[in-house]
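Here it is: the structure, laid out below.
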Amino acid sequence: MDGTVEGDGVSRTLKRREAENSRDFLLARLAARSQLNRENGCIEWRGHCRPSGYGYLSVNNVAIGVHRLAFQLHKGPIPAGLCVCHHCDNRRCLNPEHLFAGTKSENSLDAVRKGRFPPHPPPRFSGQSHPQAKLSNDDVRVILTALKNGVQGTTLARDFGVTPTQISRIKRGVSRVA
Ligand SMILES: [Zn+2]
């Protein structure tokens with residue numbers, strides 16, 4: 001086997017990983033799918049949410065809570081054994097000013113104090129998170145940059161809640177609407 005070819009493949013993969021993991025790029029991915037709520041100052045995730053109400057983004061094929069990702073990007077590593085909690089009690093929020101690292105019981109106490117128990121149903125998005133959602137110009141810009149940096153179309157399709165076909169259309173510059 002030709003070692004050089006294999007080596008190139010590995011370095012290409014590493015380069016792609018690096019691009020996917022760069023702080024700026026992760027921040028851009030978060031920003032592209034979130035929106036400031038002027039009433040409460042929350043920066044709310046508009047992308048994929050789990051039934052728990054927390055938003056998720058896939059990084060290297062691993063789903064990570066967007067509030068956890070935002071905390072790490074802005075405040076550094078999450079201390080061992082602690083979870084990322086919301087002062088604002090808004091699970092979709094990823095405003096670093098609204099996030100703190102606390103224990104599970106602190107989080108639950110906080111929730112009880114705020115009368116969050118029993119948990120209310122999470123918000124559902126019928127618009128942008130729909131598989132056939134249209135993408136904003138910002139989304140398209142982030143997607144194009146991501147593609148240029150070697151991020152895979154399937155990863156982006158998942159993040160942006162669109163089909164891989166839509167991503168390849170953007171890549172070819174055909175159309176951004178399915
Ligand atoms: Zn908030």
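The values are calculated or read from the model by the stated rules, or taken from the named source; none is laboratory data. The shown structure was predicted, so the numbers you read here are calculated from the model rather than taken from an experiment. Here Cβ is always computed from backbone atoms with ideal geometry, including for glycine, and neighbour counts include all displayed protein chains.
For residue 105, which of the numbered conditions (1) farther than 25 Å from residue 156 by Cα; (2) assigned to a helix (DSSP H, G or I); (3) in contact (Cβ under 8 Å) with a residue 12 or more places away in the chain fails to hold?
The single condition residue 105 does not satisfy is (3).
Being in contact (Cβ under 8 Å) with a residue 24 or more places away in the chain, surrounded by 20 or more Cβ atoms within 10 Å (Cβ to Cβ) and within 16 Å of the ligand (Cβ to nearest atom) is the requirement here; does residue 84 meet it?
The answer is no for residue 84.
I've got another one for you. Checking residue 128 against (1) of a type outside the set (D, E, K, R); (2) away from the ligand (no atom under 16 Å from the Cβ); (3) modelled with pLDDT of 85 or more; (4) surrounded by 13 or more Cβ atoms within 10 Å (Cβ to Cβ), which test does it fail?
Single failed check for residue 128: (3).
Do we have residue 53 as in contact with a Gly (Cβ under 8 Å, 6 or more places away or on another chain), within 20 Å of residue 158 (Cα to Cα) and either within 15 Å of the ligand (Cβ to nearest atom) or not assigned by TED's automatic domain parsing to the domain that holds residue 146 (or both) here?
no
How about region 18-50: which of its residues are part of a loop (DSSP other than H, G, I, E, B), more than 12 Å from the chain's Cα centre (by Cα) and within 15 Å of the ligand (Cβ to nearest atom)?
37, 38, 39, 40, 41, 42
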